[in-house]
Amino acid sequence: MNALMHQLNSSGWMSNRGRQIVASCLVNELQVDWRYGAAYFEQGLIDYDVASNWGNWQYIAGVGADPRGGRHFDIDKQSKMFDPNKQFIKRWQGELGSLPSDHTNMVDWPV
């Protein structure tokens with residue numbers, strides 16, 4: 001999560017998968033209202049599109065046009081599948097030794 005947020009804050013961009021992983025963490029793990037995440041992304045994304053951004057967040061939160069819940073990304077599984085050598089984490093966050101033991105801790109997210 002921290003690497004994705006560093007990427008967003010440094011470059012103004014994040015992949016769609018990254019956007020959904022972050023949304024899932026914020027909504028499901030941290031139990032934060034999805035609208036806070038949507039508003040933060042609105043301010044930070046250089047390719048911001050209102051329908052895409054708010055639609056993604058609503059989709060993950062299980063509200064809006066498709067109100068099914070349960071859209072939960074397994075962060076460890078996603079990391080193993082899409083960053084098995086930790087290259088993305090190293091690029092955007094530094095060495096693995098600097099990772100907090102709870103990598104979903106919002107306090108560690110850059111602001």
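Out of the residues in the stretch 3-23 that are small (Gly, Ala, Ser) and farther than 18 Å from Asp83 by Cα, which is surrounded by the fewest Cβ atoms within 10 Å (Cβ to Cβ)? If we take residues in the stretch 3-23 being small (Gly, Ala, Ser) and farther than 18 Å from Asp83 by Cα, then Ser10 is surrounded by the fewest Cβ atoms within 10 Å (Cβ to Cβ).
Among the residues of the stretch 41-52, the one identified as closer than 13 Å to Asn16 by Cα, modelled with pLDDT under 95 and not in a loop (DSSP other than H, G, I, E, B) is Ser52. For Gly55, the conditions (1) over 21 Å from Gln93 (Cβ atoms); (2) not in a helix (DSSP H, G or I) all hold with the exception of (2). Scoring Arg91 on the criteria (1) modelled with pLDDT under 90; (2) under 17 Å from Leu8 (Cβ atoms) leaves a single failure, condition (1). Selection of the stretch 10-25 for residues being out of contact with any Lys or Arg (no Cβ under 9 Å at 6 or more places or on another chain) and under 19 Å from Asp49 (Cβ atoms) yields Ser11, Gly12, Trp13, Met14, Ser15, Asn16, Arg17, Gly18, Arg19, Ile21, Val22. If the requirement is being over 24 Å from Trp92 (Cα atoms) and either charged (D, E, K, R) or surrounded by 14 or more Cβ atoms within 10 Å (Cβ to Cβ) (or both), which of these qualifies: Asp33, Asp47? It is Asp33.
With respect to the conditions (1) surrounded by fewer than 19 Cβ atoms within 10 Å (Cβ to Cβ); (2) under 25 Å from Asp83 (Cα atoms); (3) not aliphatic (A, V, I, L, M), Asn53 falls short on a single one, namely (1). Of the listed requirements (1) within 18 Å of Met5 (Cβ to Cβ); (2) buried (at least 17 other Cβ atoms within 10 Å of the Cβ); (3) modelled with pLDDT under 95; (4) in contact with a helix residue (DSSP H, G or I) (Cβ under 6 Å, 6 or more places away or on another chain), Ala38 misses just one: (3). Close Cβ contacts (under 7 Å, 6 or more residues apart or on different chains) running from residues in the stretch 77-89 that are in contact (Cβ under 8 Å) with a residue 24 or more places away in the chain and aromatic (Phe, Trp, Tyr) to residues that are in a helix (DSSP H, G or I) and surrounded by 14 or more Cβ atoms within 10 Å (Cβ to Cβ) comprise Phe88/Ala3.
The values are calculated or read from the model by the stated rules, or taken from the named source; none is laboratory data. The structure presented is a predicted model; accordingly, all values stated were derived computationally and were not measured. Every residue, glycine among them, receives a Cβ derived from its backbone with ideal geometry; neighbour counts consider all protein chains shown.
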